[in-house]
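Everything below concerns the one structure shown next.
The values are calculated or read from the model by the stated rules, or taken from the named source; none is laboratory data. All values derive from a computational prediction rather than experimental measurement. No Cβ is skipped: glycine too gets one built from the backbone with ideal geometry, and neighbour counts run over all protein chains shown. With ligands, DNA and RNA removed, areas are computed over all heavy atoms of the protein, side chains included. Shrake-Rupley method; radii C 1.70, N 1.55, O 1.52, S 1.80 Å.
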Amino acid sequence: MQNQWNPEDAARLPGDLGQCVYASRLLGANPALVLHGGGNTSVKIQQANIFGEPEAILYVKGSGSDLATVEAKDFAPVRLDHLRRLTTLETLSDTEWLNELRGSVVDASAPPASVEAMLHALLPAKYVFHSHADAVLAITNTPGGTERIKEIYGDAVVTVPYVRPGFPVAKRCAAIFAAEISERTAGVVLLRHGLFSFGETARDAYDQMINLVNQAEAYLASYPVPVAPVDQPDPQRPLRQELADLRQAISAAAGAPMILTTHDDEQSLRFAQRADVAQISQQGPATPDHVIRTKRAPMLGRDVAAFRAAYEEYFQAHQSRASFALTMLDPAPRVALDPALGMVAAGRSAQEARIAGDIYRHTMAIIEQATALESYRSETAAEVFDFEYWELEQAKLTRLGRPPMFAGEIGLVTGAASGIGKACVESLLARGAAVVGLDINPAIEQLFDRPDFLGIRCDVTSEEQLIAALERTARVFGGLDMLILNAGIFPPSRRIADMPTAEWRKTMTINLDANMILMREAHVLLKRAPRRGRVAIIGSKNVPAPGPGAVAYSASKAALNQLARVAALEWGQDGIRINSLHPNAVFDTGLWTDEVLAARAKHYGLTVEQYKTNNVMQIEVTSRDVAELAAEMCGPLFAKTTASQVPVDGGNERVI
Ligand code: ZN
C-alpha cells in the first residue's frame, strides 16, 4: 500500500482540522482501507467556549458523510472531557449513551457524531484515524488472530477483543488503554473490527496507518490465495425468470421491493463455485461497521423465519442450484451466491445494491485470504442479529424517514432518449425507481450518469434486441415492476389513396408489433414484481378522435389500445394493471419537427402558436405533464384501476 501524502496538497488545507480533512480524504480514497462511508477520523483542538474559557473539543467525523469527500463541516465538535468521563459510569444503556453523545456536541448545526467517537476520545493522541483495512481483517478474522497480530506487531500494537460497538466497547477500551498504551504504542487493533492509528500530527497518524497495514500485507504475502479455475456459465442462457424469482423471495423476506445486481466476474464466480462456499459464506460480515453500511433504509418485517420460507420456495423451484448459498449480512439477505450467477447483491435502491456488492467484493477477498491463512471467523449469525437490533441502529433508521414511492422498484421506458420517454424516465427516477431506458438513438447510453439508470441502445423492431434488453435489466436490477410503452413514430401526413405499403407496415411494426412482443416477453417479470406489475401505455387522442392524413398512426394507436384492453383482461389475475394515456398536441417531442408542426397547423388553418394551445382549456401540454401522469398511474393512486384511458390534452371537443 502506497503512502499518498503530498505536502503541497496538505498545505492547501491549513489548520488542525484542515490537516485532519486532508488525511481523511487520503484514507477514504483507498478502498482497501475503508469503503462507502466506513472508517472515521478525529482531531482534538483547544478552543474558547461561549464564556471565553478554553475547552478541549474532539472534532470527530459525523455520520452520513464519506471520508473520501469529507469537509470540515462534516465533523462533529464534541466536549472531550464529558465523553471521557462517561466511561467512569458503571453502565449506560444505548439510549442514554446516544443521548450523551448528542448532547455533548457544541454546535447544533453539526451532524451527529460517529458512534465510534468514544474510542477517539479515549486515545490520548491529537490525531486519531480508524480504518477497516482488508489486510488486518483477513488476519484478525481467524481463530488464531490474536496470536498472529502479536507475531506481526509485537508490543507496538494494543489489541482489544471483539466487543459490541457502543458503550460496552468504550468501557472495555478505557480499561485496556489505561493499562497498556505507552509512548511506544503505534496503534490499536480491534479484533474482527479494524485498526486505529494516531499521532501528534496528521501526517504521523497517516504514516502510522500505512505502516501498520503494510506490515499486515507483508505477512499475508507468505500465504497466497490459491487461484482455482472458473467454470464460465453460458452467456446465452436466459436468466431473467430465475433472477425475478430470487428477487421475489428476497423482497418477501425484506417486506419491501429490492433491487438485485448480478456480478458474474471472475472473482465472484470463483468464490461462488468454491466447494466450501456454503460454510465460509455463513460466517457473518468482516466487520460490524459493514453491517451498518448495507442497511441504510428501513427494512420492514425483518424476520429470519419469513426469509427462510421464501428462500425454501425459491430453492424448490430451482433445484439444480445444489450449492446455492446465502449470506446473512442482514436478516433479509443482501448477498446471494450461486455457481452460475456469481454474486447477487441486494439493496433498497440501486445505490445500496452497489454498496452491498462493493462491500461483499472486499468480504470475499478477506474470507479467501483468511481461509488461505487458517480459516475465516467473524461474528456468529446471532451476534450479527443482536447488532442489527441494538438501539443505536434503530435510532439511525428512524431518522431516515419514509422511503420514496418506488423505492426498490424497476421501471422500463421505451423511446426514452427524448420527449415524453425521457420525461417518463425522470418522473420514475424522481419517485425512487431504478430505470432502464431503451432507444434506437445511441445517446440513450449516456442519458444519465447515475447508478439507478441503465440506458440500452435497442431497435424495438428487433425481437432479439428486446429480449436481450430484458435480460440485461434482470441482471443489472433484478426484475421489472413497471413498463412504460412510449416508443412510436408519426409518419408524414398522407391520405389513404397515397399510402405506400412499406410506410404502413413500418408504422405498424414500431407502434404496435414491438409493444406486443415486449409485453409478451416482460410478462414473466411483471408477474413476479413484489407489488405486482404495472404497464402504462402512451396512446393518443387519435384513438378516440382520429384525423385525416394520419391513417397509419391512428390505426396503429387504436390497435395498441385494444392490445392494452386485452392485456388488462388476461393479466388481471396476475395483479398486473394496464392503463393508457391519450395525450394530444405535445410538441416538445422528437415526433414534432418544425416541418410536421407547420403542416398540421396549416391543415387546421391556424398559426403554430394557436395550434399549440388549440384545446378547450387553451393551455400547452408538455412531455412532463404526460410523464407525471404515467408515473402516477404506476403508483398507489391507481392501485385498483386497470384498462382506464385518461386523456391528457387540455380538453378536446371531439373527445368530450
Ligand atoms: Zn469501525
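In region 431-452, the residues that are touching a residue at least 12 places away in the same chain (Cβ under 8 Å) and surrounded by fewer than 21 Cβ atoms within 10 Å (Cβ to Cβ) reach residues that are of a type in the set (Asp, Glu) and not in a helix (DSSP H, G or I) with C-beta atoms within less than 6 angstrom, at least six apart or across chains, in these pairs: 440/459. If you check residue 560 against the conditions, is it open to solvent by less than 20 Å² (accessible area, probe 1.4 Å) and outside any loop (DSSP other than H, G, I, E, B)? Yes; evaluated as a whole, the condition is true for this residue. For region 100-118, residues that are within 16 Å of the ligand (Cβ to nearest atom) and either free of Cβ contacts under 8 Å to residues at least 12 places away in the same chain or among the small types (Gly, Ala, Ser) (or both) total 3. The combined condition, being surrounded by 17 or more Cβ atoms within 10 Å (Cβ to Cβ), in contact with a Ser or Thr (Cβ under 6 Å, 6 or more places away or on another chain) and not charged (D, E, K, R), is fulfilled by residue 512.
Check region 565-580 and report whether any residue there is among the aliphatic types (A, V, I, L, M), more than 19 Å from residue 415 (Cβ to Cβ), free of Cβ contacts under 8 Å to residues at least 24 places away in the same chain and open to solvent by 10 Å² or more (accessible area, probe 1.4 Å). Looking through region 565-580, at least one residue is among the aliphatic types (A, V, I, L, M), more than 19 Å from residue 415 (Cβ to Cβ), free of Cβ contacts under 8 Å to residues at least 24 places away in the same chain and open to solvent by 10 Å² or more (accessible area, probe 1.4 Å). Taken together, the criteria exclude residue 606 from residues that are of a type in the set (A, V, I, L, M, F, W, C), surrounded by fewer than 21 Cβ atoms within 10 Å (Cβ to Cβ) and closer than 27 Å to residue 480 by Cα. Looking across region 119-172, the residues that are among the hydrophobic types (A, V, I, L, M, F, W, C), within 14 Å of residue 188 (Cβ to Cβ), assigned to a helix (DSSP H, G or I) and within 12 Å of the ligand (Cβ to nearest atom) come down to 119, 136, 169.
May I ask you to verify whether residue 555 is assigned to a helix (DSSP H, G or I) and small (Gly, Ala, Ser)? Answer is yes for this residue. Condition check for residue 588 on (1) closer than 19 Å to residue 638 by Cβ; (2) at pLDDT below 90; (3) of a type outside the set (Ser, Thr, Tyr): one failure, at (1).
So, in region 231-258, how many residues would count as being among the aliphatic types (A, V, I, L, M) and either open to solvent by 60 Å² or more (accessible area, probe 1.4 Å) or at pLDDT 95 or above (or both)?
Looking only at region 231-258, we keep the residues that are among the aliphatic types (A, V, I, L, M), and these are 239, 243-244, 246, 249-250, 252-254, 256, 258.
From what's left, either open to solvent by 60 Å² or more (accessible area, probe 1.4 Å) or at pLDDT 95 or above (or both): 252.
Residues flagged as among the aliphatic types (A, V, I, L, M) and either open to solvent by 60 Å² or more (accessible area, probe 1.4 Å) or at pLDDT 95 or above (or both) within region 231-258 amount to 1.
Among helices (runs of 4 or more DSSP H) entirely within region 1-99, having at least 1 residues that are more than 16 Å from the ligand (Cβ to nearest atom), under 18 Å from residue 119 (Cα atoms) and not basic (Lys, Arg) singles out 15-28, 80-86.
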